[in-house]
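Some notes on the structure that comes next.
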Amino acid sequence: MVDKTLFILASILITIGIIGSYTFSTYTTLLYGFNEFHFLTRQFIAGIGAILLMWGISRLEPSKWTKIIGISLFIIFFILMISMYFLPSSLVTSAGGAKRWIRLSGFSLAPVEFFKIGFVYFLAWSFSRKFANDEKKRDLLEEIKMILPYMVVFLFVVILIAVFQNDLGQVMVLGLTLSFMLFFAGRSFKLFLTLIGSAVALFIIFIFTSEHRINRILSWWANAQNYILSYLPQAIAEKLRVENAPEPYQISHSLNAIHHGGIFGTGLGEGVLKLGFLSEVHTDFILAGIAEELGYLGVFAVTVIIALMIHRIFKIANRSKDHLDYLFCIGVGLLLGFSFLINAYGISGLTPIKGIAVPFLSYGGSSMLANGIAIGLVLMISKKIK
């Protein structure tokens, strides 16, 4: 039987996201001269599409369609991500000089959002074949040799997303998901720590080879340094202090929105930080908008819904007898969880902002539909569990 609770939780988040696309986009609609319902209409269509995808996919036969959909997502959107750099500018939408969207009739498609789901399925499929019955004790070097092909594939993905699309946040989510999936596939904790350490080193390299990323880190540090350095000895704190760092505009106003909302919020539609102070709240800063208008209780309610949804996904994984289904559900739960945490940490100033969408809440049709497919696949797998 399909896990109806998971379907309902995802539908609730979609509904909140649709409402948010209207109430938090006030300034953007005025700035660009859009119709009052421009963002609401688009998000409503994407939300209904995601719900229909979840429902439709969940009714398919899992033994046949899980692999077809998963591998198709991996291959098709991998090819699309490569082809974007050869398409004419009339068919591609850029952000900061990086090509991230393919422009189609009436909407734009972000291939990376769908590729993430396919990548997780590819990893689950490959890990289940290679590691499921591997009970031999191996040292760290042997394990590294075993996963080397995956590292080569991931490095190519890093180049496609972090270099050509200038989107380090998505690489972070995929890198963390890959590391944890290897651990759940039965690899050692030493390998897990090695991968996390390598990811941190790679992350630092990407930061220091890009001027805008350095400025973003400095902007974040300017806002966080007083609090962090207050716990360190004076001599060390003075050496780490950065003077005249760029003003952390977005983080400052995000924190102002959170502070202004308090416990109960200003009321739905009554927020003021969305009126030109905090840009495009309906996208990456939707949690800050919820914090201002619905307060701490609103953010807490959203967090609980997401936590319950991920718990249901992990519960389905834990009860799956098929190792592939188990790993895929784990991967989907990790994708959703890391996306939410990275966004939440960013808007609260705990970490630099990464531009990661909140699953089902942030405005964006590609993210909404891709997550709908992911939940649909998990719902289809849940039918196999007695």
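When the stretch 193-213 is filtered for residues that are polar (S, T, N, Q), surrounded by 11 or more Cβ atoms within 10 Å (Cβ to Cβ) and under 16 Å from VAL158 (Cα atoms), the ones remaining, listed by number, are SER198, SER210.
Note on the stretch 329-357: residues that are in contact with a Gly (Cβ under 7 Å, 6 or more places away or on another chain) and assigned to a helix (DSSP H, G or I) amount to 1. Of the set (1) open to solvent by 10 Å² or more (accessible area, probe 1.4 Å); (2) closer than 19 Å to ASN166 by Cβ, all apply to LEU369 but (2). Looking for something of a type in the set (Val, Ile, Thr), open to solvent by 60 Å² or more (accessible area, probe 1.4 Å) and free of Cβ contacts under 8 Å to residues at least 12 places away in the same chain - is there at least one such residue anywhere in the stretch 247-265? Within the stretch 247-265, not a single residue is of a type in the set (Val, Ile, Thr), open to solvent by 60 Å² or more (accessible area, probe 1.4 Å) and free of Cβ contacts under 8 Å to residues at least 12 places away in the same chain. ILE76 falls short on exactly one of the conditions (1) farther than 20 Å from ILE14 by Cβ; (2) open to solvent by less than 80 Å² (accessible area, probe 1.4 Å); (3) β-branched (Val, Ile, Thr), and that condition is (2).
Being in contact with a helix residue (DSSP H, G or I) (Cβ under 9 Å, 6 or more places away or on another chain) and outside any helix (DSSP H, G or I): is that true of ASP284 here? Yes: the conditions hold for ASP284. Name the single residue, out of those in the stretch 1-21 being hydroxyl-bearing (Ser, Thr, Tyr) and closer than 21 Å to GLU270 by Cα, that is least open to solvent (accessible area, probe 1.4 Å). Result: SER21.
Evaluate the following for ILE161: is it open to solvent by less than 20 Å² (accessible area, probe 1.4 Å) and either on the phi > 0 side of the Ramachandran plot or of a type in the set (A, V, I, L, M) (or both)? Yes; evaluated as a whole, the condition is true for this residue. Among the residues of the stretch 271-286, the ones that are open to solvent by 10 Å² or more (accessible area, probe 1.4 Å) and of a type outside the set (Ser, Thr, Tyr) come to 9 in all.
The values are calculated or read from the model by the stated rules, or taken from the named source; none is laboratory data. Please read all numbers here as calculations on a predicted model, not as lab measurements. Ideal geometry is used to build each Cβ from the backbone, glycine not excepted, and the neighbour counts take in all protein chains shown. Just the protein is used for accessible areas: all its heavy atoms, side chains included, with ligands, DNA and RNA removed. Shrake-Rupley method; radii C 1.70, N 1.55, O 1.52, S 1.80 Å.
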